[in-house]
Amino acid sequence: MGCGMGKTERRLKKRDRAIRAALLIQRWYRQYVARLEMRRRYTWNIFQSIEYAGEQDQIKLYNFFGFLMDHFTPASSERNLISHIFRENEICRDAEWERYFCYESIEVPDSYTGPHLTFPMTFCGVSKLVEAFKHKHSQLHARYVLQILGETWRLLRILPNINHVTTCHTKEITICGDLHGQLEDLLLIFYKNGLPSSEKPYVFNGDFVDRGKNSLEILLILFGFLLVYPNDVHLNRGNHEDHIVNLRYGFTKEVLGKYRLHGKKILKLLQKIFSCLPLATVIDHKVLIVHGGISDTTDLNIISRVERHKYVSALRPPKQSGKTDDDRDKESDGAPEGRRRVFSLTHQGSALPHRYDFPRRSLHNVPLNSQLNWTVEKELKKRRKLAGFDQSYRELKKLDSDSDPEPGEVTETDEHEWKQIVDILWSDPMPQNGCIPNEVRGGGCYWGPDVTEEVLGRHNLQLLIRSHECKQDGYEFCHNRRVLTIFSASNYYEVGSNRGAYIRMGPDLVPHFIQYQASKTCRELTLRQSVGWTERSALQALREQLFVHKSDLISAFQEFDPNNTGMISLSNWASATEKVLNLGLPWRVLRPQLVSSTKCGMVDYQQSIRELSITQPKLEISDTSILETMYKNHSNLETIFRIIDTDHSGLISFEEFRQTWKLLSTHLKTEISDEAIADLAQSIDFNKDGSIDINEFMEAFRLVDLSAHM
C-alpha cells in the first residue's frame with residue numbers, strides 16, 4: 001500500500017516538474033518572440049521613416065523649382081536650367097505626337113536576338129515578351145518599345161478617369177498593389193494566379209516603376225496585356241507615375257541606361273502615358289480602388305470629369321492654357337510682370353497625433369515662401385545673392401485676388417481638381433478621426449475613420465482598396481475593415497522585410513489574400529535570421545544618416561553639455577538626435593544598437609560618432625564642408641544633375657556642375673564658394689576631359705559601412 005502511494009507521488013512530482021518546465025519554456029518562447037517582434041517593428045519604423053523623409057525632400061526641391069519658375073525672370077540663368085521640366089505642352093496636338101514618336105525609321109538588325117513582335121498585339125506576343133524578360137534574354141528592341149508605348153497611349157487617352165468593372169460567378173478579379181520595378185514579384189503572381197485574360201481580369205493599382213531594376217519591363221508587360229485585353233486589364237495611376245518623381249527614384253536612370261540612343265524619346269512618351277492613366281477603378285459599384293486614398297473633400301463626380309492628361313506631374317497644378325514657358329522665354333528684353341500664384345488648399349482638421357507629429361511640410365498647406373518671415377522681394381534677393389546670380393529682375397506686381405486669370409496662372413477650379421488628384425495619389429489612412437495634411441510624405445493627407453465612413457457613404461460604397469504603403473504581411477485592414485491596403489512588392493526594403501500579396505475578389509466582394517516571398521533566399525531563412533538580416537540593413541541606413549549629419553548632431557549634443565565634458569544623458573542624446581534627424585524613431589530603444597556603451601546613464605557623444613564605422617572617399621579637397629553638404633543631399637544633388645543633363649548623355653560640363661551646386665546651395669539657403677566647387681570637380685575628373693560622368697560621380701562618393709563587412 002505504502003509502496004503504491006510512493007509510486008503515485010513520484011509520478012505526480014514528475015508530472016509537476018514537466019508542467020513547470022513546459023511553462024518555463026513557454027514563457028521563454030513568448031519573451032523570445034516578443035523581443036523579435038520588437039526588433040521587427042523598430043526595423044520597420046527605420047525603413048519607413050527614411051523612405052518618407054526622402055519623399056518629403058523630393059517635394060521640397062520641386063516646390064523650390066516651382067518658386068523659381070513663378071518668381072524669377074525668363075532670362076535668369078537659374079530659371080533656364082530647370083524650365084524644361086515644366087514644359088508640359090511642348091507638343092500638344094495628337095498628330096504632332098504621332099510624328100514625334102514615329103518608330104518606322106528604326107530598323108531591327110539581323111543580329112537582334114530578342115523577341116520579334118507583331119501588331120496588333122496578341123496573347124502569343126505578350127507571352128513571348130514575358131518569357132524573354134523572365135529568362136533575361138536580350139532586351140526588347142527600341143522599335144518595339146516605342147510601338148508598344150504608342151499603341152498604349154492611343155488606347156489610354158480614350159479611357160474614362162474611373163474604370164467600372166463587374167464580377168460574375170465564373171471569374172474573380174485579381175487586384176495587385178505596388179510593384180516598384182520588381183519583376184520577380186509580377187512573374188510570381190502570374191505563376192500562382194495565371195496570366196491576364198478575359199477569364200482572369202486584373203487591376204494593377206499604380207507604382208509600377210522606381211526603386212526596382214526592371215520597371216520598364218513591368219510596364220511593357222502590363223501595357224502588352226492591356227492592348228490585348230482592354231476590357232479586362234485595368235491600370236490605375238500611382239504617385240510614382242510622375243516624371244519628376246522618376247528623376248529621384250531610379251526609373252529615369254534605368255531607361256537611359258538601357259536605351260542610350262532612344263531613351264529620351266521613350267521617357268517623353270512615358271510622360272504622356274502616365275498622365276493618361278485612369279485614376280480609379282470601381283468594382284460592382286461597391287468597391288473603390290485608388291492608389292493612395294481619399295480626403296474629406298474627395299468627390300468621385302469631380303474626379304470623373306477632370307482632364308487628367310493636364311497633370312503630367314501631380315506635384316504642381318497645371319497652368320491655364322495660353323503661352324508656354326517657351327513662349328515667355330522668347331519675349332523681348334526685360335522681365336515680364338509677376339504672376340499671381342494660387343497656393344494649394346489646406347486640409348482642415350485636428351492637430352497632428354503624436355505618431356505623425358513631424359515638423360515637415362505638405363504640398364497642400366505650405367505656400368513656397370510661407371516659411372520665411374519676409375517679403376518675396378527680400379527672399380528673391382537673398383536667394384540670388386547666395387546663388388551668385390547677378391541678372392536683374394523686376395518688382396513683382398501684386399494682383400487682386402478677384403482679377404481675371406491670365407495665361408499661365410492657376411485658376412481656383414484647376415486648384416481644386418489638382419487637390420483631388422493629389423489626394424487620391426498621395427494620401428494615407430490614420431487611426432484618429434479627422435483629415436490633416438500629410439506632412440510626413442509632403443503630399444496628400446492623413447484621413448481618419450470618420451472620413452472613410454462619410455466618403456464611402458456618400459458614394460454608396462462598401463470598401464476602399466488602396467496601396468501606397470508597404471505592409472509587413474503584404475496587406476492590412478483599418479477603419480473598421482472598410483479600408484484595405486494591398487502591397488505586392490515583397491522584400492521591399494530588404495530581403496525578408498515584408499511579404500507581397502494580391503487579392504482575389506468574386507461577386508460576393510469578399511477579398512481573399514494570397515501572400516508570397518519572391519526571394520528564394522528569404523524563404524530559406526528562419527524567423528530569427530530574417531529579422532536579423534533586415535535589422536542589420538536598417539541600422540546600416542540609420543548609421544549613414546547619423547554620419548552625414550554628424551556636425552549638426554555634435555552641435556545639438558553640445559547644447560546639453562555647457563561644460564564641454566563630452567558626456568550627455570541618454571535622454572538628452574535621444575532628444576538631440578531626433579531634433580536633427582526628424583525621423584520620429586524610438587531612439588532610447590535603438591541606443592544599444594547605435595552606441596556601444598554608456599557610463600551611469602551618460603553617453604560619450606564624440607565616441608558615439610566615431611563608433612558609426614562609416615568611411616568616406618579619401619580625396620584631397622580643401623573645403624570638407626562641401627562633402628558633408630553632398631552626403632546630406634545626395635539624392636537632391638543627383639536629381640538636379642539629371643535635370644540639368646538635358647540631352648540625357650550622362651555627362652555634364654564643369655559649368656553645369658557649378659550651376660548644379662549653385663542651385664542646391666540656393667535651395668538649402670547656404671553658401672558654397674566657386675573655389676570649393678571647382679576643387680571638387682577637379683578631384684573627380686579622373687580622365688581630365690573637362691566633363692563629369694554623373695553615375696561615376698555619385699558612386700565615387702558613396703559611403704561605406706565598415707560594420708557590414710566585419
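The values are calculated or read from the model by the stated rules, or taken from the named source; none is laboratory data. This one's a predicted model, so the numbers in the text were calculated from it and none came from an experiment. Positions of Cβ are backbone-derived with ideal geometry, glycine not excepted, and every protein chain shown enters the neighbour counts. Surface areas here come from the heavy atoms of the whole protein model, side chains and all, with no ligands, DNA or RNA. Shrake-Rupley method; radii C 1.70, N 1.55, O 1.52, S 1.80 Å.
Brief remarks follow.
- Shape of the range 134-173, Cα gyration tensor, a/c cut at 1.5: oblate
- Segment Ser304-Asn231, extension gain: residue separation times 0.36 nm, minus the distance between their alpha carbons: 24.5 nm
- Between amide H atoms placed 1.01 Å from N, distances below 5 Å from Ala489 occur with Asp178, Ala501, all of them 5 or more places distant or on a separate chain.
- Accessible area of the range 457-556 belonging to carbon and sulfur atoms, whole % at 1.4 Å probe: 42
- Backbone HN-Hα couplings from phi across the range 115-122 [Karplus 6.51/-1.76/1.60, Hz, Gly and Pro as x]: x, 9, 10, 10, 10, x, 5, 10
- In sequence order, calculated HN-Hα J values of the range 211-222 (Karplus, 6.51, -1.76, 1.60; Hz; x Gly/Pro): 6, x, 8, 10, 4, 5, 4, 4, 4, 5, 5, 5
- When you count the other C-beta atoms within 10 angstrom of each residue and take the mean per peptide, 7-18, 28-39 line up highest first as 28-39, 7-18.
- Packing-based ranking, highest mean first, of 601-607, 661-667 given that Cβ atoms within 10 Å are counted: 661-667, 601-607
- Of Lys192/Lys253; Lys192/Lys258; Lys213/Lys471, those spanning more than 27 Å from alpha-carbon to alpha-carbon: Lys192/Lys253; Lys192/Lys258
- Sites Gln139 and Lys264, calculated FRET efficiency, Cβ-Cβ separation with R0 22 Å, nearest 0.05: 0.85
- If you wrap the range 186-305 in the convex hull of its Cα atoms and look at it from every side, the mean projected area works out to 8.8 nm².
- Length available on full extension from His116 to Asp284: 0.36 nm per residue minus the Cα-Cα distance, which gives 56.6 nm.
- Centre-to-centre separation between the Cα atoms of the range 199-262 and those of the range 484-527: 20 Å.
- Residues in the range 549-559 carry Karplus couplings, in order, of 9, 4, 5, 5, 5, 4, 4, 5, 5, 5, 4 Hz; the curve used is 6.51 cos²θ - 1.76 cosθ + 1.60 with θ = phi - 60°, and Gly or Pro positions show x.
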